[in-house]
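The structure appears right after this line, and notes come after that.
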Ligand code: ARG
């Protein structure tokens with residue numbers, strides 16, 4: 001049920017064929033304040049057709065338009081303000097939510113076609129950064145939103161698992177490393193070796209030659225080099241997986257940069273065939289001047305291929321493997337140029353599908369307004385941040401609800417949910433400050449606030465005991481507080497569509513916050529559990545709020561504990 005559509009249809013019946021229902025629908029506005037009704041129709045665009053003043057048109061339509069869902073129409077100058085019949089609309093909306101459950105808001109836009117989402121993609125032997133966290137949670141939320149509108153998302157972790165740094169790591173490991181240290185704390189140890197290599201190479205530059213040699217061996221598939229590389233990769237991945245487990249995020253593919261080693265020659269050959277490569281100081285480049293971009297560097301003078309060469313191979317591989325409808329890259333804003341170049345080269349190659357590739361950029365996480373990359377000279381370890389959030393959640397649960405049965409599990413869900421929600425609640429391009437005490441609060445615009453509100457709804461339903469909702473019943477509500485909730489519920493499918501079209505999880509986060517706020521206002525102003533004739537409708541409303549808040553949180557990748 002979409003009451004905007006019902007109003008558009010009622011208007012169209014009177015306006016006639018000059019405007020389609022869809023055109024009228026798109027003209028409808030949402031009044032700023034509730035006194036001006038629920039939907040407003042400005043008549044300006046009809047003035048030409050009817051050769052009448054908009055005021056006159058509004059006055060004429062005001063007496064003619066009728067619909068069983070509309071209680072009253074106010075004519076205010078050139079505007080028609082529609083007041084919906086709260087009882088009838090609430091009954092229809094609640095029926096939709098209760099019969100469809102978590103499928104409410106599902107759309108059939110994608111028709112099952114596949115959408116690879118390049119996300120997370122940290123670099124082996126380095127800690128996963130807050131930037132990689134953003135990519136992970138934004139990518140995961142987009143995957144859920146894409147699935148909700150009918151696509152099949154393919155979550156790809158394009159690991160940074162190849163490059164000259166592996167030559168350095170092998171040299172450093174052979175000089176100063178030991179297996180036990182790597183087994184115990186792989187990333188910390190590999191990072192230590194990497195840092196030490198750079199420090200020592202300052203004094204002994206010949207180490208760089210050794211590193212180059214080892215990387216060459218790796219490229220030539222030398223057995224020892226390959227087995228060390230594999231081991232570093234596996235150990236790093238174990239640590240990354242630990243974080244993905246905490247976030248409960250899975251991937252469909254871990255094909256990283258190394259996966260394309262044997263797929264790059266084809267790219268170089270294709271570029272040559274299409275006469276797109278030029279040699280500049282021994283390096284092979286694709287000129288992109290007509291795109292106003294720097295040339296794309298495809299092959300260095302020593303024959304080594306580059307980041308973009310791998311991405312070209314990956315793009316082609318994904319098109320062939322998934323025949324994608326869209327292909328997304330959730331990567332920080334600072335790589336915008338790279339993705340512009342990537343698309344431009346593919347376009348030069350004649351691949352029209354490069355149009356379907358979209359870079360999904362996002363802003364930085366800051367601390368005190370500064371880029372968050374070091375803390376007392378050390379890289380902020382994501383796992384520490386998550387554990388700190390869990391601790392804070394624990395403390396608050398201990399203070400609020402010490403008898404909660406599964407405290408540890410709930411603290412995990414609340415702490416981690418808080419960090420994820422905070423990341424997703426603002427437009428993804430905004431930079432935002434990370435103050436952990438602000439993030440893990442039960443009040444304000446936070447994840448725990450939404451979780452807590454839903455747990456409250458669940459607790460009301462538990463208290464109601466004998467109440468059993470009947471999805472097909474006509475639950476009518478007509479007070480102003482429940483109306484705010486009903487409006488947010490009926491907007492849900494449109495909200496999902498907007499989140500998809502803008503590729504913006506914050507649209508969902510904001511819906512969750514507004515719904516939670518509207519529910520808390522409702523709860524403070526109505527005696528939900530009182531035994532009177534209105535009780536079933538009030539409880540049914542509580543149930544719909546619990547369903548949709550949980551669905552909002554699920555789309556964002558946040559758990560919804562039943563009690564907290
Ligand atoms: N590993 C890269 C980094 O940490 C991100 C890779 C993004 N994906 C891609 N297909 N280029 O900066």
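None of the figures in this text is laboratory data; all of them are computed from the coordinates on show. Here the structure is a predicted model, which means the values were calculated and not measured. Methodologically, a virtual Cβ is constructed for each residue, glycine included, from the backbone with ideal geometry; neighbour enumeration extends over all protein chains shown.
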>> Using the basic label-point model (7 angstrom from Cα toward the beta carbon), what is the residue 399 to residue 304 distance in nanometres?
In response: 5.3
> Under a point spin-label approximation (7 Å from Cα along Cα-to-Cβ), what is the residue 200-residue 407 distance to one decimal in nm?
Replying inline: 4.8
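Could you sort 276-282, 331-337 so that the peptide with the highest average Cβ count within 10 Å comes first and the rest follow in order? Let's see the in-between values first.
On the way: 276-282: 12.9, 331-337: 14.7.
Final packing ranking: 331-337, 276-282.
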>> Between helix 186-203 and the chain, what is the angle of the helix's C-alpha long axis to the longest principal axis, kept within 0 to 90° and rounded to the nearest 10?
In response: 50
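Apply 1/(1 + (r/R0)^6) to the Cβ-Cβ distance of residue 221 and residue 335, taking R0 = 22 Å, and write down the FRET efficiency to the nearest 0.05.
On the way: r = 30 Å, r/R0 = 1.36.
Using R0 = 22 Å, I get an efficiency of 0.15.
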>> Rounded to whole Å, give me the distance from the Cα center of segment 1-62 to that of segment 423-501.
In response: 31
> Simple spin-label model, 7 Å along Cα-to-Cβ: residue 83 to residue 436 in nm?
Replying inline: 5.3
> Roughly what angle does helix 336-348 make with the longest principal axis of the chain, taking Cα atoms, 0 to 90 degrees, to the nearest 10?
Replying inline: 80
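Does segment 236-355 come out rounded, prolate or oblate by the C-alpha gyration tensor, with a ≥ b ≥ c the root eigenvalues, rounded set by a/c under 1.5 and, if not, prolate when a/b is larger than b/c and oblate if not?
Details: a/c = 1.93, a/b = 1.70, b/c = 1.13.
Prolate, since a/c reaches 1.5 and a/b exceeds b/c.
Is the shape of segment 162-269 rounded, prolate or oblate, going by the alpha carbon gyration tensor and its root eigenvalues a ≥ b ≥ c, with a/c under 1.5 for rounded and a/b larger than b/c for prolate? Intermediate values should be presented prior to the final figure.
Numbers: a/c = 2.17, a/b = 1.12, b/c = 1.93.
The shape class here is oblate.
Once the mean 1/r over all distinct Cα pairs of the chain is inverted, what Kirkwood radius in angstroms do you read off? Let's see the in-between values first.
Details: mean 1/r = 0.0369 Å⁻¹.
Hydrodynamic radius (Kirkwood, Cα pairs) of the chain is 27.1 Å.
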>> Can you say what percent of the DSSP beta bridges in the chain, counting only those with both residues inside, are antiparallel? Round to 5.
In response: 60
>> Give me the extension gain from residue 470 to residue 526: residue separation times 0.36 nm, minus the current Cα-Cα distance, reported in nm with one decimal.
In response: 18.0 nm
> Where in segment 302-320 does the amide nitrogen come within less than 20 Å of the point 7 Å from the Cα of residue 263, taken along Cα to Cβ?
Replying inline: 304-320
>> Given the DSSP H assignment, sum -39500 (n - 2.57) over each helix run of at least 4 residues in the chain and divide by its residue total; what's the result at 222 nm in deg cm²/dmol, nearest 500?
In response: -17500 deg cm²/dmol
>> Can you give me the angle between helix 86-100 and the longest principal axis of the chain, using Cα atoms only, in degrees from 0 to 90, rounded to the nearest 10?
In response: 40
>> Which residues among segment 237-258 fall inside the zone where the amide N is under 18 Å from a point 7 Å beyond the Cα of residue 321, along Cα→Cβ?
In response: 250-258
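In what order do 544, 305 fall by count of nearby beta-carbon atoms within 10 Å, going from fewest to most? Each step should come with its number before you reach the end.
On the way: 544 27, 305 23.
In increasing order of surrounding Cβ atoms, one gets 305, 544.
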>> For residue 52, project a label point 7 Å along Cα to C-beta. Then give me every residue of segment 1-44 with its amide nitrogen under 13 Å of that point.
In response: 14-16, 43-44
